[in-house]
Amino acid sequence: MINVESLTKTYGPRTVLNGVSVAFEKGQVVSLIGPSGGGKSTLLRCLNGLEEFHGGAITIGRDVLKPGGAAVNKKALASIRQRVGMVFQTWNLFPHRTALGNVIEGPVHVKGLAVAEATARAEALLERVGLSHRKAAYPGEMSGGEQQRVAIARALAMEPEALLLDEPTSALDPERVGEVLDVLTGLAKDGLTMMVVTHEMRFAREVSHRTLVLHGGQIIEDGPPAEVIDNPKHERTRAFLGLTRRD
């Protein structure tokens, strides 16, 4: 479904992604873990064109992204962003719109859906994420966990083929993390393709089909969570997971 070939991304003299090649299959839930600065979020943002890259290619279905940013990839990006959803660390909801208003925004203004149909879908999605009772609430009236669940519903409203999630629980209080993880677990059971940058090892271990470890702009481990998390081969992974004794 998504194929990344020799992806390279630099910031001045610093190489953030160094020839990354990886494929993501339909229906897979893949967790991206590893130390900060390893390239996890950058890889995710390159997949939907939020970051310009400098070498390699990304193929999503029949669309191909090449180096050169929006100027080169305008047509492919328009297609990809309607089929691949994105959920950020901070929820970025429109503060002047209710939960329901935030969820119908994309379907109405991007896909041209009738307001009545978009509203019916949005109400169903808010119920799915456990927020049907909060549809009239504004972002400032909701907790962080509630806002993130609205952000997930907003992404799902575009009926994406895949969902990219960049540390969706990192900005939440610990007591709210479970709310979001429960929603993601339900989506995984429904077969939604997801790539998740996360530090939540419980989610990576119990919900993911694959776990990738990024370090120094490269994938240093890739395999089932039981192998990568519980029995990592690379010393840097062992250090990240706290399995290496420091004398």
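Once the 1.4 Å probe is applied to the protein heavy atoms, the chain comes out at 46 Å² accessible per residue. Computed over segment 1-94, relative contact order equals 26 percent, with contacts defined as Cα pairs under 8 Å that lie 6+ residues apart. The angle between the Cα long axis of helix 144-156 and the main principal axis of the chain comes to about 90°, on a 0 to 90 degree scale.
Note on segment 184-204 and segment 61-97: Cα centroid distance 20 Å, given to the nearest whole angstrom. Is the shape of segment 130-184 best called rounded, prolate or oblate, per the rule: a/c under 1.5 gives rounded, else a/b larger than b/c gives prolate, else oblate, with a ≥ b ≥ c the square roots of the Cα gyration tensor eigenvalues? Because a/c hits 1.5 or more and a/b fails to exceed b/c, segment 130-184 counts as oblate. Would segment 166-215 count as rounded, prolate or oblate if I go by the C-alpha gyration tensor, calling it rounded below 1.5 in a/c and otherwise prolate when a/b exceeds b/c, oblate otherwise? In terms of gyration-tensor shape, oblate. For the chain, the carbon plus sulfur part of the accessible surface works out to 48%, probe radius 1.4 Å. Between helix 115-128 and the chain, what is the angle of the helix's C-alpha long axis to the longest principal axis, kept within 0 to 90° and rounded to the nearest 10? Value to nearest ten degrees: 60. From the alpha carbon centroid of segment 1-54 to that of segment 138-166 is 22 Å. The mean sequence separation of alpha-carbon pairs under 8 Å and at least six residues apart, normalised by the residue count of the chain, gives a relative contact order of 26 percent. Dividing the mean sequence gap of close Cα pairs (under 8 Å, 6+ apart) by how many residues segment 118-198 holds gives a relative contact order of 32 percent. The equivalent ellipsoid that matches the C-alpha gyration tensor of segment 1-147 spans semi-axes of 32, 18, 14 angstrom, in descending order.
Annotation: Asp182 carries an accessible surface of approximately 110 Å², with a 1.4 Å probe and no ligand, DNA or RNA atoms counted. Restricting the calculation to Cα atoms, every distinct pair contributes to the Kirkwood radius of segment 145-247, found to be 14.8 Å.
The values are calculated or read from the model by the stated rules, or taken from the named source; none is laboratory data. Computed from a predicted model, the values in this text were never measured in an experiment. For accessibility, only protein heavy atoms count, side chains too; no ligands or nucleic acids. Shrake-Rupley method; radii C 1.70, N 1.55, O 1.52, S 1.80 Å.
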